[in-house]
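Worksheet: one structure, shown below.
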Number of protein chains: 2
Amino acid sequence: MAKPSRGKVYLVGAGPGAADLLTLRAARVLAEADVVFHDALVHPEVLALASRAERIAVGKRCGRHSTAQRFINKRLVDAAAKHRTVVRLKGGDPMLFGRAQEELDALRAAGIDVEVVPGITAALAAAADLGVSLTRRGASRNVVFATPRVGDGEPTSDWASVVAHADTAAIYMGAGEAAAITAALLARGTPSGLPVVAVENASLPGSRRWFTTLGALPRLAEKAFRGPVVLLLGEVFADAARREPAYADLLRRVAAHLLRA
Amino acid sequence: MAKPSRGKVYLVGAGPGAADLLTLRAARVLAEADVVFHDALVHPEVLALASRAERIAVGKRCGRHSTAQRFINKRLVDAAAKHRTVVRLKGGDPMLFGRAQEELDALRAAGIDVEVVPGITAALAAAADLGVSLTRRGASRNVVFATPRVGDGEPTSDWASVVAHADTAAIYMGAGEAAAITAALLARGTPSGLPVVAVENASLPGSRRWFTTLGALPRLAEKAFRGPVVLLLGEVFADAARREPAYADLLRRVAAHLLRA
């Protein structure tokens, strides 16, 4: 008896949001897909590229439980037995904060062919939007991509030490933990006046940005953010911040407060 | 008198090499370009997408002098006075080790409209090729992108401390300085047995990879590398290394050496 024909699974980076920031390869794979399992955060215009596929939302990137992840793994394995081209579409790049390893391991254990298609990650889209290079001669020779979030039962690794040592940092999934981020970095000697840019919905038409400082971040985060936010930290953002009227205003208010104290 | 019509300059990420890892937006901008100034490392298939443009090579990414950079800045400003769509095409992503800030500043100072189109950076393409996620629950919650190279007259920032603190690291432009990288990281307490993967020409058909350890990296680098290499460091590569026969062989030889000593 012939073995049942097996499909191939593609873990595809959907990029930061804008459909035209998908790679050509990702667009081709989506166009060929029979079924697409996608994060809730993937933009509808990106999903529309999978014109002939069944599209199945399987939860968002952060905050999902491991039981949900095991269920996704099982659905991917099952789909590969039934379809030729299965796509697992993840926001940003699959290999950065995408929980890709668990899916790769499950698919390999089941003997299924798997390929990863990279995507533009949110921090690089945000830097492009801002027109600020994350590295700069004489000012920044390294960039860390970090998250303060940890999974259930996982020890908190010392993300704050890495960020405090880096020239530039991008913090993912940190918008809801701004107070903890500021406290942890101040405790490691990072100056309160370090420039911070919060970019919400990078690359999308409704994208918003706030120029602030590490010390002022928690108050901003309390009232401002609505969508997914990447936090960019570093001296490389000082020039761009000075061009921003709202930031100049913040500095004036901080100075006035200090004079009153 | 009417002002001379001014063009727009696009700083475009060419991605890691493979033409289909360009974004859809980058492909569109290249197709519309009147003139393209490109790094020497950009793949011919990517350049071919700029079918109607004059294509001008302006040196490679690393090792070029600041006079050359000033000359590139001037050529971009001059081209924007003559053409509608000017593209500056850079390997990988423009905002990571691409010297983009100097070009952005020069163009803004000349009052020229400029837009950045992000690209897939080499480390993410390498991770996709390897099928290894750079982050992993319980093992890696942060990734640093660093380079040991500094410009003329620039103080050496402590890149090694950042890398030593990070869960996972990608080192760019480090292939020629493997001995210095190993020495600096060992001095900061990084274990000699830390898994290292060197990926040459990530995403291209002739791509090669070597699974090694931090301690064994200098000997490998002396004899093996020919093209651009990204070095990936971290425990997340241990499983992939164990699947690689050549690495298992290396471990056997190290063990035999230790038994003899």
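So here's what we get for this one:
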{"item": "Residue among B:Phe211, B:Phe71, B:Phe97 with the largest mean-square fluctuation in a Gaussian network model of chain B, springs linking Cα atoms under 10 Å", "result": "B:Phe71"}
{"item": "In segment A:127-208, the trypsin sites (Lys or Arg not before Pro) that fall in loop regions by DSSP, at most 14 other Cβ within 10 Å", "result": "A:Arg188"}
{"item": "Residues A:Ile112, A:Ile120, sorted so that the one with the fewest Cβ neighbours within 10 Å comes first", "result": "A:Ile112, A:Ile120"}
{"item": "Gyration tensor verdict on segment B:15-115 (Cα atoms; rounded if a/c is under 1.5, prolate if a/b is larger than b/c, oblate otherwise)", "result": "oblate"}
{"item": "Cα-based shape type of the protein assembly as shown, given that a ≥ b ≥ c are square roots of the gyration tensor eigenvalues and the cut on a/c is 1.5", "result": "rounded"}
{"item": "10 Å Cβ neighbours from other chains, averaged over peptide B:119-132", "result": "6"}
{"item": "Theoretical ellipticity at 222 nm over the protein assembly as shown - DSSP helices of four or more residues, -39500 (n - 2.57) apiece, nearest 500", "result": "-10500 deg cm²/dmol"}
{"item": "Within a Gaussian network of chain A (alpha carbon springs, distance under 10 Å), most fluctuating of A:Ala19, A:Ala122, A:Ala187", "result": "A:Ala187"}
{"item": "Of all DSSP beta bridges in the protein assembly as shown, antiparallel share, percent nearest 5", "result": "45 percent"}
{"item": "Chain A - percent relative contact order, Cα under 8 Å, separation 6 or more", "result": "18 percent"}
{"item": "Gyration tensor verdict on segment A:108-197 (Cα atoms; rounded if a/c is under 1.5, prolate if a/b is larger than b/c, oblate otherwise)", "result": "oblate"}
{"item": "Of all DSSP beta bridges in chain B, antiparallel share, percent nearest 5", "result": "45 percent"}
{"item": "Copies compared at A:Arg188 - label distances in nm, ascending, label defined 7 Å from Cα in the Cβ direction", "result": "1.2"}
{"item": "Candidates B:Ala241, B:Ala169, B:Ala48: whichever shows maximal mean-square fluctuation once chain B is modelled as a Gaussian network with Cα springs under 10 Å", "result": "B:Ala48"}
{"item": "Dipole of chain A, positive end: most advanced residue of A:Ser140, A:Trp210, A:Ala164 [Cβ charges, Cα centre]", "result": "A:Trp210"}
{"item": "Phi-based couplings in Hz for segment B:213-230 (Karplus 6.51, -1.76, 1.60; Gly and Pro marked x)", "result": "10, 4, x, 8, 4, x, 5, 5, 5, 4, 10, 9, 6, 10, x, x, 10, 10"}
{"item": "Cross-link pairs A:Lys8/A:Lys90; A:Lys8/A:Lys82; B:Lys8/B:Lys74; B:Lys8/B:Lys82; A:Lys90/A:Lys223 - those with Cα-Cα distance over 22 Å", "result": "A:Lys90/A:Lys223"}
{"item": "Summed side-chain charge close to A:Ala221 - residues other than A:Ala221 whose Cβ falls under 15 Å, Lys, Arg +1, Asp, Glu -1", "result": "+3"}
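Coordinate-derived values only; no laboratory data. On a predicted model such as this, the values are computed, not experimentally measured, just so you know. Every residue, glycine among them, receives a Cβ derived from its backbone with ideal geometry; neighbour counts consider all protein chains shown.
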